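Worksheet: the structure to be examined is printed underneath.
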Amino acid sequence: MSYNSTVAPSLYDPSMDFDSLSWAEKQWFSWYSFIGNPVLATGLMSFLMHEIVYFGRCIPWIIIDAIPYFRRWKLQPAKIPSPQEQWECTKQVLFSHFMVELPVIWLFHPMAEVFGMRTYEVPLPSLREMAPQVALFFVFEDMFHYFAHQALHYGPMYKYIHKIHHKYSAPFGLAAEYAHPAEVAILGTGTIAGPLLYCYFTGNLHIFTMYVWITLRLFQAIDAHSGYDFPWSLQHFLPFWAGAEHHDFHHMAFTNNFSTSFRWCDYIGGTDDKYRAYASRLKEAKKMAGSSKEKQAEVERKFMAEAEAEGLRAEAEVIRSATQKTTKVQ
Ligand SMILES: [Zn+2]
Ligand SMILES: [Zn+2]
C-alpha cells in the first residue's frame, strides 16, 4: 500500500511501500507528514523530547530525595536538597530551556541538513548501525568536556560563567543543566559537534541516532548529578564509567574529575590525583574507626568537611585571581 500523497505531497516518494515500515517508522512518517514542515517538525520534536527526557529522568531522583531510606547511599548524606531548592533550580532550568535552548534547537534542522544528516527520512537506522555511532559520540563528548570544563575553571571563565553551576556543592539531578547560558553553549558543543562531524565525514547519520544519543547523554548528566551511589550504579559494573561518585567529588572539593562519562581522561591527565588520594585516605580512616557504623560516618563527615573547606578556599582563590586580572585590565 502506498501512503496518501495528499497529506504530505513534498516529503515522501508516493510509491513508497508504507506497509513495509516498522511501527516506529510509521509514527515518524506520520509526525513529519502531519506537521508538513520538516524544520518545524524537527524543532518541536527535539524540544519536547528534551523536556520529557530531562524532567522525566529527574522525577525519580526527586522521589528518592524525599525518602529517608535511600540516605544510606547518598554521597553527601548531610546535604539533602529541600523542595524549595529543587523548585528554584527547576525554574532556572526551565528559563534557560525556553530562552537559550529553544532558539538553538530551532536552528538544528537547517544545521543538520547542511552536514547531510537524514531527518524525516524512513527507514530509521537499526540498533546495529546506531550502537557504534553512539559509543563514538560518548567518547568524543567526554574528551571535549574534559578540556572545556578545565577552561571553565580558569579565573574569569569561572567567575562569570561556571560559578553558577557550582552553586551546589552537593548536586542533585535537576542541577545537571543549572548553568550559565554561555556554559550551556560551550559544553553543549561537545554533545552536538561529535554527530555533526561524524555526519560530515561519513555522510551517514540519521537524526534518530542523535535522539538516542542525547537521551543517553541526558541520563548520564542527570545521574552524575544525582548525589547517589547505589550498589547497582553502573560504575560498579563498568569501572571506567564515572557516575555520580566521580562528579560529586568535583562539586564537593571544587577540584579534579573534569570529565563527564568516563574516568580515563582524568586518570591519564593526572586530574584525579586528589580524588584518589581522598578515597584511599578515607578508606584507611574508616578501617581505623572499627566496625561501628556511627564512628565510620563521623570520620566521613570530618573528611567531607575538610575537602569542602579546601574547595571553598580554592574557589575563592580562582575568583580573587579573576578579580585581579579585571582590575589590571581596567
Ligand atoms: Zn566545574
Ligand atoms: Zn556538575
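The values are calculated or read from the model by the stated rules, or taken from the named source; none is laboratory data. All figures in this text were calculated on a predicted structure; none of them were measured in a lab. Please note: Cβ atoms are built from the backbone with ideal geometry, for glycine as well, and neighbour counts cover all protein chains shown.
So ASP248 passes all but one of these: (1) surrounded by fewer than 22 Cβ atoms within 10 Å (Cβ to Cβ); (2) among the charged types (D, E, K, R); (3) touching a residue at least 60 places away in the same chain (Cβ under 8 Å). Which condition number does it fail?
Unmet for ASP248, out of (1) surrounded by fewer than 22 Cβ atoms within 10 Å (Cβ to Cβ); (2) among the charged types (D, E, K, R); (3) touching a residue at least 60 places away in the same chain (Cβ under 8 Å): (1).
For the stretch 134-167, which residues satisfy the criterion of being away from ligand 2 (no atom under 16 Å from the Cβ) and in a loop (DSSP other than H, G, I, E, B)?
TYR154
Yes or no: ILE192 within 16 Å of the chain's Cα centre (by Cα), within 12 Å of ligand 2 (Cβ to nearest atom) and β-branched (Val, Ile, Thr)?
no
Out of (1) of a type outside the set (Lys, Arg); (2) out of contact with any helix residue (DSSP H, G or I) (no Cβ under 7 Å at 6 or more places or on another chain); (3) more than 14 Å from ligand 2 (Cβ to nearest atom), what's the single condition that is false for TYR228?
Of (1) of a type outside the set (Lys, Arg); (2) out of contact with any helix residue (DSSP H, G or I) (no Cβ under 7 Å at 6 or more places or on another chain); (3) more than 14 Å from ligand 2 (Cβ to nearest atom), only one is false for TYR228: (2).
Hey, among GLY173, GLY190, which residue is more than 15 Å from ligand 1 (Cβ to nearest atom), modelled with pLDDT of 95 or more and touching a helix residue (DSSP H, G or I) at 6+ places or on another chain (Cβ under 6 Å)?
Of GLY173, GLY190, the one residue that is more than 15 Å from ligand 1 (Cβ to nearest atom), modelled with pLDDT of 95 or more and touching a helix residue (DSSP H, G or I) at 6+ places or on another chain (Cβ under 6 Å) is GLY173.
Kindly check whether there is at least one residue in the stretch 227-243 that is charged (D, E, K, R) and within 16 Å of ligand 1 (Cβ to nearest atom).
The answer is no, given that none of the residues of the stretch 227-243 is charged (D, E, K, R) and within 16 Å of ligand 1 (Cβ to nearest atom).
Are there any pairs with C-beta distances below 6 angstrom linking a residue in the stretch 53-71 that is within 13 Å of ALA176 (Cα to Cα) to a residue that is part of a helix (DSSP H, G or I) and among the polar types (S, T, N, Q), with the two at least 6 apart or on different chains, and if so which?
Taking only residues 6 or more apart or on different chains, the pairs are VAL53/THR215.
Here is a list: ALA305, ALA289. Which entry is closer than 26 Å to LEU174 by Cα and surrounded by fewer than 21 Cβ atoms within 10 Å (Cβ to Cβ)?
The unique qualifying residue is ALA305.
Among the numbered criteria (1) within 16 Å of ligand 2 (Cβ to nearest atom); (2) over 21 Å from PHE55 (Cβ atoms); (3) at pLDDT 95 or above, which single criterion is violated by ALA182?
For ALA182, the failing item is (3).
So which residues in the stretch 151-164 are within 13 Å of ligand 1 (Cβ to nearest atom), surrounded by fewer than 16 Cβ atoms within 10 Å (Cβ to Cβ) and not hydrophobic (A, V, I, L, M, F, W, C), if there are any at all?
Passing the criteria: only TYR154.
Could you list, in sequence order, the residues of the stretch 168-197 that are under 19 Å from ILE105 (Cβ atoms) and among the hydroxyl-bearing types (Ser, Thr, Tyr)?
Selection gives TYR178, THR189, THR191.
Restricting to the stretch 315-326, give me the number of residues that are surrounded by 14 or more Cβ atoms within 10 Å (Cβ to Cβ) and under 28 Å from the mean Cα position of the chain (by Cα).
Residues in the stretch 315-326 being surrounded by 14 or more Cβ atoms within 10 Å (Cβ to Cβ) and under 28 Å from the mean Cα position of the chain (by Cα): 4 in total.
Residue-wise test of (1) within 14 Å of ligand 1 (Cβ to nearest atom); (2) of a type in the set (A, V, I, L, M); (3) touching a residue at least 24 places away in the same chain (Cβ under 8 Å).
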residue: THR255; (1), (2), (3): yes, no, yes
residue: GLY270; (1), (2), (3): no, no, no
residue: TYR275; (1), (2), (3): yes, no, yes
residue: TYR278; (1), (2), (3): no, no, yes
residue: LEU282; (1), (2), (3): no, yes, no
residue: LYS286; (1), (2), (3): no, no, no
residue: SER291; (1), (2), (3): no, no, no
residue: LYS295; (1), (2), (3): no, no, no
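Give the residue, chosen from ALA131, ALA78, that is away from ligand 2 (no atom under 16 Å from the Cβ), exposed (fewer than 14 other Cβ atoms within 10 Å of the Cβ) and over 23 Å from MET210 (Cα atoms).
One residue alone meets the criteria, ALA78.
Scan the stretch 82-119 for residues that are outside any helix (DSSP H, G or I) and crowded, with 19+ Cβ neighbours inside 10 Å and report the count.
3
Scan the stretch 215-260 for residues that are assigned to a loop (DSSP other than H, G, I, E, B), in contact with a strand residue (DSSP E or B) (Cβ under 7 Å, 6 or more places away or on another chain) and of a type outside the set (A, V, I, L, M, F, W, C) and report the count.
Result for the stretch 215-260: 1.
When residues of the stretch 19-52 are filtered for being surrounded by fewer than 13 Cβ atoms within 10 Å (Cβ to Cβ) and in contact (Cβ under 8 Å) with a residue 60 or more places away in the chain, how many remain?
2
With respect to GLU317, determine if the residue is more than 16 Å from ligand 2 (Cβ to nearest atom) and either within 21 Å of TYR158 (Cα to Cα) or out of contact with any Phe, Trp or Tyr (no Cβ under 8 Å at 6 or more places or on another chain) (or both).
It is true that GLU317 is more than 16 Å from ligand 2 (Cβ to nearest atom) and either within 21 Å of TYR158 (Cα to Cα) or out of contact with any Phe, Trp or Tyr (no Cβ under 8 Å at 6 or more places or on another chain) (or both).
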